[in-house]
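The block underneath contains the structure these notes are about, expressed in C-alpha cells.
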C-alpha cells in the first residue's frame, strides 16, 4: 500500500499532522472525509503520483495525526441522529 510514498509528520501548534507524499509534478492534496484516514486513498494516490506530487494527510484528531487539547474525538463523531438516517 502506497509503494514509493514516504511517510512524514509535521509538528503544528497543538497537534502533529501525519501523511504520505509521493510522485512528482504539480501538487495534489488528498483530504479524507470523516470517519476516514488518509489510507482511503491507497488505490487512487499511486495512479495520481504518475503525473503529480501527491500529498495525503490525516486530519487533526484522525488516523495517526494528533488531537489538539481543545478537540475531542467525540466532538467530530457523527451524532446519534445522523447515524440513524
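The values are calculated or read from the model by the stated rules, or taken from the named source; none is laboratory data. Not measured: the values here are computed from a predicted model. Methodologically, a virtual Cβ is constructed for each residue, glycine included, from the backbone with ideal geometry; neighbour enumeration extends over all protein chains shown.
Annotations for the structure displayed:
- Scanning segment 47-60 for residues that are farther than 15 Å from residue 2 by Cα and touching a strand residue (DSSP E or B) at 6+ places or on another chain (Cβ under 6 Å) yields one hit, 60.
- Counting only residues that are more than 11 Å from the chain's Cα centre (by Cα) and in a loop (DSSP other than H, G, I, E, B), segment 52-74 holds 8 of them.
- Residue list for segment 10-46, filter: surrounded by fewer than 12 Cβ atoms within 10 Å (Cβ to Cβ) and touching a strand residue (DSSP E or B) at 6+ places or on another chain (Cβ under 9 Å): 10, 11, 24, 26, 27, 29
- Lone unmet requirement of (1) at positive phi; (2) at pLDDT 95 or above for residue 27: (1)
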